[in-house]
1. Yes or no: LEU6 on the phi < 0 side of the Ramachandran plot and at pLDDT below 95?
2. If you take the residues of segment 40-54 that are of a type in the set (A, V, I, L, M, F, W, C) and not in a helix (DSSP H, G or I), which of them is nearest to the chain's Cα centre (by Cα)?
3. Cβ-Cβ distance below 6 Å, separation of 6 or more or different chains: which pairs start in segment 70-98 with a residue that is closer than 17 Å to TYR21 by Cβ and end on one that is surrounded by fewer than 14 Cβ atoms within 10 Å (Cβ to Cβ) and not hydrophobic (A, V, I, L, M, F, W, C)?
4. Among the residues that make up segment 84-92, is at least one of them out of contact with any helix residue (DSSP H, G or I) (no Cβ under 9 Å at 6 or more places or on another chain), surrounded by fewer than 20 Cβ atoms within 10 Å (Cβ to Cβ) and within 21 Å of LEU9 (Cα to Cα)?
5. If I filter segment 120-137 for residues that are modelled with pLDDT under 90 and either under 14 Å from the mean Cα position of the chain (by Cα) or outside any strand (DSSP E or B) (or both), do I get at least one hit?
6. Within segment 25-39, track down each residue that is buried (at least 20 other Cβ atoms within 10 Å of the Cβ) and assigned to a helix (DSSP H, G or I).
7. Output the residues belonging to segment 113-129 that are closer than 26 Å to GLU4 by Cα and either buried (at least 20 other Cβ atoms within 10 Å of the Cβ) or touching a residue at least 40 places away in the same chain (Cβ under 8 Å) (or both).
8. Can you tell me how many residues in segment 7-24 are crowded, with 19+ Cβ neighbours inside 10 Å and either farther than 18 Å from VAL78 by Cα or of a type in the set (Gly, Ala, Ser) (or both)?
Amino acid sequence: MDEEMLEKLAERFKAMRYERYKVFVLVGRPASGKSALAKAVAGQVGATYLNCLSDVLPQIKGVPLGVFGPLDLKRFIVERANKGGLVVDEIEPLVSTFPKGEKDVIDFYSLLADTEARHPVLLVTRLGDLIKGSSFPAKRVYEV
């Protein structure tokens, strides 16, 4: 694991407690160590680690595709972030159900750009190119 990146992300997480917009993103290719870093950051800062693939997707199984859209996912994340710090990993299975595909994914990251929550949120994804197409600030995107 990249200890330097772990420290950088943990420090950023702690600093975001005092910022207005508390969402930041870790991007990287598949098998680049994002999940290990995400779990380590959550452990180090005392945040909840949420794996969408194993923790969330089974809960919404049976919900028709396209029902869980960008605004719904934003609300879902903010509700949890209002209870405490949050690290959200494996978000791709959820955003892949958005009815308008890539456009909705870009809109989702644009929505998150100015999202206010009580506690910091680290989103972990491999969708870096789509984030670049959104209005999400580059200074809140970390790459592994």
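The values are calculated or read from the model by the stated rules, or taken from the named source; none is laboratory data. Predicted, not measured: the structure shown is a model, and the values here were computed from it. We place every Cβ from the backbone using ideal geometry, glycine too, and count neighbours over all the protein chains shown.
1. On the way: on the phi < 0 side of the Ramachandran plot: yes; at pLDDT below 95: no.
Criteria not met by LEU6.
2. LEU50
3. Matching pairs, first to second residue: ASN82/ARG118.
4. Yes, that holds for at least one residue.
5. no
6. Within segment 25-39, LYS34, LEU37, ALA38 qualify.
7. ALA113, HIS119, PRO120, VAL121, LEU122, LEU123, VAL124, THR125, ARG126, LEU127, GLY128
8. Residues flagged as crowded, with 19+ Cβ neighbours inside 10 Å and either farther than 18 Å from VAL78 by Cα or of a type in the set (Gly, Ala, Ser) (or both) within segment 7-24 amount to 2.
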